[in-house]
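Report on one structure; see the data block that follows.
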There are 2 protein chains.
Amino acid sequence: MKKLINAPDAVVADSLRGMEAAHPDLIRVQYGPNIVIRKDAPVSGKVGIISGGGSGHEPMHGGFVGMGMLDAACPGEVFTSPTPDQMQEATKAVDGGAGVLHIVKNYTGDVMNFDMAAELAKSEDIEVESVLTNDDVAVEDSLYTAGRRGVGVTVLVEKIAGGAAEDRKSLREVAELATRVNANGRSMGMALTPCITPASGSPSFELGDDEVEIGIGIHGEPGRFREKIGPASQIAERLMTPIVEDLPFNSGDKVLVFMNGMGGTPLIELYVMYDEVAKIAQEHGLSIERNLIGNFITSLEMQGCSITLLKLDDEMTHYWDAPVHTPALRKGA
Amino acid sequence: MKKLINAPDAVVADSLRGMEAAHPDLIRVQYGPNIVIRKDAPVSGKVGIISGGGSGHEPMHGGFVGMGMLDAACPGEVFTSPTPDQMQEATKAVDGGAGVLHIVKNYTGDVMNFDMAAELAKSEDIEVESVLTNDDVAVEDSLYTAGRRGVGVTVLVEKIAGGAAEDRKSLREVAELATRVNANGRSMGMALTPCITPASGSPSFELGDDEVEIGIGIHGEPGRFREKIGPASQIAERLMTPIVEDLPFNSGDKVLVFMNGMGGTPLIELYVMYDEVAKIAQEHGLSIERNLIGNFITSLEMQGCSITLLKLDDEMTHYWDAPVHTPALRKGA
């Protein structure tokens, strides 16, 4: 295992210190338990939004803390759920009197701990709503999941809900919008290579020299099948067909395409993939109104990609376009 | 070789089509020869700025085309210089009557071809100034270079010169500022793994399972030495010491730190490295006024990083902070 780290058990804290040193204008970091908090939180009268999950998926979630997106993020150890007390402290830190939204990816540990945190917060008279993301069409139940895994749509939910909260929508309105974004989003991913968690020091799975895994999870969970690697056009089709058929997406639909890299995939390849995805979308009569391309929800240094398709309505588009200023996403600020 | 591509000889054009499909609000792409052009170029009365070089370093340069940065980029084949006619066409396409600046990384082919393009443009009465970047302190002459290689500072030159051009500074003023940024910037990189060019299908060099190469070039050119991988703190020191001693950077200097990933390095590791770099900068009494962290000048899927330190003056800081709206860098727009 070769990594730019000091020690396996120091990665998360060291990386958070780097974030804190780099972005004091946007965030502050609290250690033990670890929380990345928007610099000016709590924002009075604004719905607070928090998310969290295992580390190793950067920039998600800490990189999305700031104006127009998250108020706090709870990073667990690598690929390990954060703890209920961590989430509870984050909830208290961002409560500006208008309630707090928890955005929870559907993994058993995350769901259980966010549920406990919500109960704890409610016992302290903080109003909490939770929205689950479960957009991965690859498999139904998975290694760490009952039901579908929460993946790429989480980034879109955080941006759109963040815009609505910044606009002083109520907790009920923000939660309804976030729920709708998740319901209208579908994703699927694939891997060229596994990743190595610092603690284990060994690959999360093995793949042949000419093999890819279609439907991979962001922790290396098994996908639908393996096959010999084909051209980008074939890989795009393998991911797009299950996505388009699932919702289903229909001719005339306006969509956002999120072409995500798994962490070790260079941008030149993501644009090759985006070109293929755009062609397939066109064949289905889908109108791509917005897009996001880059490494946003990753799996350490895994090579591969995922596609998220979101069926847009006017409110989603409006808040997607709203200003945002975070370490990893910025516009209009 | 496993890559998200259709065919080795189609990578560059396919990727450009993806960029064109993704960012029609910012850029247009011309094919054969390939040029990425700012949507509204030429901008009347503004100095046009172009750069270019081999592909495989994305988002550099095409991802930096747009308001506040480049007017056009000339992507060559992977790790191959663009052609003089490509550069000449780009020069003509962005000439708004105030002259054109060529930003040229110091590699023999790039320098020779940009020289020819400048001559051709002058023969058509377009005023051209050229600024060479040569900030890599690792080695003097290299595989494709007489003198020092041009690396990370190129991104900073493009942003700062772009801001000055947007502010309607004259060609002479923009060229002087760009020259000063290069003169005040120093870089050094390292690799954990080689990369594989699509055309060759084999690694650009071999490294042992526990080895790193210190001083690597962005095309896998040899560095200063190899050693057994150490902690991030040691790697940061290996890169920072030669950088700081070279200019030299002195206690009290205001600097910009650019912590760059080589393409396959996840963000969590770049922040671990940034934390170490910030500590070393502090030991030297340097005041980090600005930073940039991410994969901006890459070497395909290579794992590793580079550090660029820029000694800032007020004008550089002013134009670093100026609005920019490109596919890969955005603020205030």
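Quick notes
- Principal axis extents of the Cα atoms in the stretch A:185-312, from largest to smallest and rounded to whole angstrom, are 47, 26, 26.
- Cα Rg, Dmax (largest Cα-Cα span) when computed across the stretch A:60-191, Å: 14.1, 44
- Tail weight of P(r) past 17 Å, computed on alpha-carbon pairs of the stretch A:59-101, percent: 34 percent
- Cα-based Kirkwood hydrodynamic radius, the protein assembly as shown, one decimal, Å: 24.8 Å
- Net charge over other residues, Cβ less than 12 angstrom from the Cβ of residue B:83 (K, R count +1; D, E count -1): -4
- Surface accessible to a 1.4 Å probe, per residue, for the residues of the stretch A:276-333, Å²: 34 Å²
- By the equivalent-ellipsoid construction on the alpha carbon gyration tensor, the stretch A:10-53 comes out with semi-axes of 21, 13, 7 Å, ordered largest to smallest.
- Shielding of peptide B:4-11 by partners, expressed as the average count of other chain Cβ atoms within 10 Å per residue Cβ, is 6.
- Viscosity 1.567 mPa s, 4 °C: Kirkwood-radius Stokes-Einstein D of chain B over Cα pairs, µm²/s: 66 µm²/s
- Calculated [θ] (222 nm, deg cm²/dmol) that DSSP helices of n ≥ 4 give over chain B, each run adding -39,500 (n - 2.57): -10000 deg cm²/dmol
- In terms of distances greater than 24 angstrom between alpha carbons, the cross-link table entries B:159/B:254; A:2/A:105; A:331/B:2; B:92/B:159; A:105/B:279; A:2/B:105 yield A:2/A:105; A:331/B:2; A:105/B:279; A:2/B:105.
- Amide H contacts of residue B:128: B:100, each under 5 Å away and 5 or more positions distant or on a separate chain (H built 1.01 Å from N in the peptide plane; Pro and chain starts excluded).
- Here's the picture: a label point sits 7 Å out from the Cα of residue B:125 along the beta-carbon direction, and within the stretch B:85-101 the residues with their amide nitrogen under 14 Å of it are B:97-99.
- Scanning chain B for trypsin sites (Lys or Arg not before Pro) lying in DSSP loops with no more than 13 further Cβ atoms inside 10 Å, the longest uninterrupted stretch between such sites is B:169-333.
- Cut-off 17 Å, label 7 Å out along Cα→Cβ of residue A:202, residues of the stretch A:1-17 by amide N: A:1-2
- Listed residues B:57, A:284, A:219 arranged by accessible area, highest first, probe 1.4 Å: A:284, A:219, B:57
- Taking a ≥ b ≥ c as the square roots of the eigenvalues of the alpha-carbon gyration tensor, the stretch B:122-185 is classed oblate because a/c is 1.5 or more while a/b is no larger than b/c.
- Solvent-accessible surface (1.4 angstrom probe) belonging to residue B:81, in square angstrom, nearest 10: 40 Å²
- Among beta bridges from DSSP that stay inside chain A, the antiparallel ones total about 55%.
- Among beta bridges that DSSP assigns inside the protein assembly as shown, antiparallel share in %, nearest 5: 55 percent
- For residue B:171, neighbours were defined as the other residues whose beta-carbon sits under 9 Å from its Cβ, and their charges (Lys and Arg +1, Asp and Glu -1) total -1.
- Neighbourhood net charge (13 Å Cβ-Cβ; Lys/Arg +1, Asp/Glu -1) for residue A:196: -2
- With all protein chains in place and a 1.4 Å probe, the accessible surface of the protein assembly as shown carries 48 percent carbon and sulfur.
- Volume of the Cα convex hull of the stretch A:37-116, divided per residue and given in Å³: 74 Å³
- Dimensions (Å) - the stretch A:261-314, Cα atoms, principal axes, largest first: 34, 22, 12
- When accessible surface is computed with a 1.4 Å probe, chains B and A are found to bury approximately 4500 Å² between them, both chains counted.
- Per residue, the stretch A:128-200 exposes 31 Å² of solvent-accessible protein surface, assessed with a 1.4 angstrom probe and all protein chains in place.
- Range in chain A, longest, excluding exposed GluC sites (Glu not before Pro) [loop by DSSP; at most 12 other beta-carbon atoms within 10 Å]: A:207-333
The values are calculated or read from the model by the stated rules, or taken from the named source; none is laboratory data. These figures come from a predicted structure and were not determined experimentally. Heads up, the Cβs are rebuilt from the backbone with ideal geometry, glycines too, and the neighbour counts pull from every protein chain shown. Just so you know, the surface numbers come from the protein's heavy atoms only, side chains and all, with ligands and any DNA or RNA stripped out. Shrake-Rupley method; radii C 1.70, N 1.55, O 1.52, S 1.80 Å.
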